[in-house]
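The values are calculated or read from the model by the stated rules, or taken from the named source; none is laboratory data. What you see is a predicted model, and the numbers here were worked out from it, not measured in a lab. Methodologically, a virtual Cβ is constructed for each residue, glycine included, from the backbone with ideal geometry; neighbour enumeration extends over all protein chains shown. Calculation scope for accessible area: heavy atoms of the full protein, side chains included, ligands and nucleic acids excluded. Shrake-Rupley method; radii C 1.70, N 1.55, O 1.52, S 1.80 Å.
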Amino acid sequence: MRIFLSGPMGSGKSTVARVLAARLGVRHVDLDAVIADTAGMSIEAIFRARGEAEFRTLERDALSRVLDTPADVVVALGGGTVTDDDARRALLGVGVLITLSAPVEELTARVAAETGRPLLAGRDARRVLEDLLARRGDAYAECHAEVETRGRSPEQVADAVLEVVRRAPIPVPLGKRTYRVDAGAGVRHRLAEEAAKAGEGRAALIATDDHVCDLWARPLSAELSAAGFRCVEVALAPGEEHKTIGSVERLWDAALEGGLDRDSLVVGIGGGVVGDLAGFAASTLLRGVSLGQVPTTLLAMVDSAVGGKTGFDRPQGKNLVGTFHQPRFVLCDVDVLGTLPDAERRAGLAEVVKSAWLDSEEAVTALERDAAALRSGEPEATVRAVRMAVSLKARIVTADEREAGPRRLLNLGHTVGHAIEAAAGYRGIRHGEAVALGMVAAFRVADRMGRKTGAAADRMRRLLEALGLPTDPGPRLDARAATFLASDKKRSAERVRFVVPGDPGCTEVVPITLDDLRAWLLPA
C-alpha cells in the first residue's frame, strides 16, 4: 500500500502522514525532508541559493527514488510536487493520491506565524495562497479524492483517507473536471454524499426507465430526499428504440416544469440508454448542469457511464446526435446486477472483452481465468472486470477526451455492431451481442487486409463463447446491415476509421474505404 498526500502549504500533509504511517505500521516519508537531506541544506536555503527551478529538479529526483522502492509507505509530498504532469500521473498509477484541502482563510491562519517557507518570504500569505491555488487547481483536482481538513483533527483526516483507500475509487483525471468511479458492492448508497458535492443546488432530476424505476431509482430518490434534495422523477420507456429526441424532451420538460436551475443535478439511474439520454439532457438543459451516473447494467458500468459521451439515435443510425459532457461521479454497484436476466448481464461482457483486448496480454489472461465466474455472475470477478475496463477507459479518455486519436480504439467491434443493431431496428439483439459479432467481423477484415491474426481471432472467439456471447456474424451481416456502415460517426468522406485488432494490446485504427469494407465483410 502506498499513500501519497498532496495539497497546499498548511493543509496538514506532514502531520497526517505521520498519523497514517503509525496507524498502518508502515514507513513515513516527508519528501521535503528527503530533499533537504540530499542537498545538505534546508528547503529555504535551496530556494535562496539555487532557485525554485533547481528545487523542482531535486524534488523530481527525490520522488523517483521513493517510487523505486516497492515497500508500503505514506508520503507527504511537497505542495508543488503534483504540478509536474508526469509525476502526478505516476502517483495515480502506483498508489492512492489524496489532496488535503481547506479554505484559503484557514490555510492562511495556519501558515501566517510559520517561518522557513520560501514561497512566503516577505509576501502576504493570503495572496500567495490564492495565487498558488489558482495555478495548481487543476493538478490538485487530479487525485483519488479530496479530503477537507477544516474542523478535523489529524486522526479524523486519517480516518477519511483510509476510507478512500478502502474503496479505491478510479479517477478520470481531467483537471478541475476530474471525477471518480466507485465500483463495488453497495456503492449506490453513496449517491446522496456524491450529489451534495456535485453542486450547490439541492434539486435533482432522476432519469430512469420503467424496468428499474421501482427497483432501484425510487429507493435512491428517497435517499436523496432524506438528505434534503427535492427530486423530480422521470421513468422512460425502456429499450434502444426509445433512445430518441422525444425521450430527451420528456427529461427537459420535467426539469423545467419542476423548477430546476443551473445548480441542480441530473442523475441517470439505469442502463446505457438511460445514461446517454440523461447525459444529453444534462449537457443541454439551461446550457449545462451537473450529471451523476448510477448504471444498473454491466454494459453501462464498463462503457457508457464513463467517458462523457451522450446522445440519442436517429433513423439513419445509432448515436448520431450527441455531446461530450463528463459526469461528476459514477457509482457502479455490482449488487444491482443480481436482478438482471443472465443474457443481459452476459451481453455486457462483450465490452469487457473489448477493454481487455485493448489493454494488454495480462488483462486478457485474467479475463480467461475468470471466464466461468463472470459467466455465472460471481460478484468478486465482476468487480475485477469492471475495475479493469473502467481503468482502461479512464486512461484513454484522459489522453483523448473528444475522440481525436487514441479514444477511437474504444470503437473496436462497434462499426459493424452498430450497423447490425440499426439493420435490426434496435430490436432482437442486445448492444453487447452486436459488439461481440462486430469484434469477430473485425478480425475478418484484418484477415482480408493480409494480416496474420488467425490465432488471435480464434482466441477472441473462444473467450466470447466461454462468456456466453455469440460469435457468428453471418446471419446478421447482410446487405441491409452493410448500408448502415456509411452512417458510422467515424466516417470521413468515403472512408471509415476502422479499428483493426491483432494480438492483445496491439490494436490500431486504419482508414478503409466503404467499398472495401463492404466487400471484405459480406460473403462472396
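Per-structure values
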item	result
Filter result for residue 352 (at pLDDT 95 or above, open to solvent by less than 50 Å² (accessible area, probe 1.4 Å), within 15 Å of the chain's Cα centre (by Cα) and not charged (D, E, K, R))	yes
Checklist (1) crowded, with 24+ Cβ neighbours inside 10 Å; (2) closer than 19 Å to residue 297 by Cβ applied to residue 427, failing item	(1)
Qualifying strands (runs of 3 or more DSSP E) (wholly inside segment 207-312; at least 3 residues being surrounded by fewer than 23 Cβ atoms within 10 Å (Cβ to Cβ) and touching a residue at least 24 places away in the same chain (Cβ under 8 Å))	230-236
Criterion: under 20 Å from residue 12 (Cα atoms) and open to solvent by 30 Å² or more (accessible area, probe 1.4 Å) - qualifying residue of 59, 105	105
Members of segment 56-87 found to be of a type outside the set (A, V, I, L, M), in contact (Cβ under 8 Å) with a residue 60 or more places away in the chain and in a helix (DSSP H, G or I), listed by number	81
Tally, over segment 356-413, of residues that are open to solvent by 70 Å² or more (accessible area, probe 1.4 Å), of a type in the set (Asp, Glu) and under 18 Å from the mean Cα position of the chain (by Cα)	0
Residue identified as over 17 Å from residue 191 (Cβ atoms) and touching a Leu at 6+ places or on another chain (Cβ under 7 Å) among 285, 367, 320	367
Qualifying residues in segment 119-166 (those that are part of a helix (DSSP H, G or I), in contact with a helix residue (DSSP H, G or I) (Cβ under 7 Å, 6 or more places away or on another chain) and of a type in the set (Lys, Arg)) - the one surrounded by the fewest Cβ atoms within 10 Å (Cβ to Cβ)	126
Scan of segment 347-394 for residues that are hydrophobic (A, V, I, L, M, F, W, C) and within 19 Å of residue 456 (Cα to Cα), ordered by number	349, 350, 352, 353, 356, 357, 358, 363, 364, 366, 367, 371
Residue within segment 419-437 that is at negative phi, basic (Lys, Arg) and free of Cβ contacts under 8 Å to residues at least 60 places away in the same chain present	no
Unique match (being touching a helix residue (DSSP H, G or I) at 6+ places or on another chain (Cβ under 7 Å), crowded, with 19+ Cβ neighbours inside 10 Å and within 22 Å of residue 368 (Cβ to Cβ)) among 468, 505, 432	432
Condition check for residue 335: under 28 Å from residue 502 (Cβ atoms), modelled with pLDDT of 95 or more, open to solvent by 10 Å² or more (accessible area, probe 1.4 Å) and within 20 Å of the chain's Cα centre (by Cα)	no
From the options 397, 416, residue that is more than 19 Å from residue 511 (Cβ to Cβ) and out of contact with any Leu (no Cβ under 6 Å at 6 or more places or on another chain)	397
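One line per residue, one yes/no per condition, for (1) modelled with pLDDT of 95 or more; (2) on the phi > 0 side of the Ramachandran plot; (3) open to solvent by less than 10 Å² (accessible area, probe 1.4 Å):
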{"position": "9", "(1), (2), (3)": "no, no, no"}
{"position": "25", "(1), (2), (3)": "yes, yes, no"}
{"position": "39", "(1), (2), (3)": "no, no, no"}
{"position": "47", "(1), (2), (3)": "no, no, no"}
{"position": "51", "(1), (2), (3)": "no, yes, no"}
{"position": "79", "(1), (2), (3)": "no, no, no"}
{"position": "89", "(1), (2), (3)": "no, no, no"}
{"position": "111", "(1), (2), (3)": "no, no, yes"}
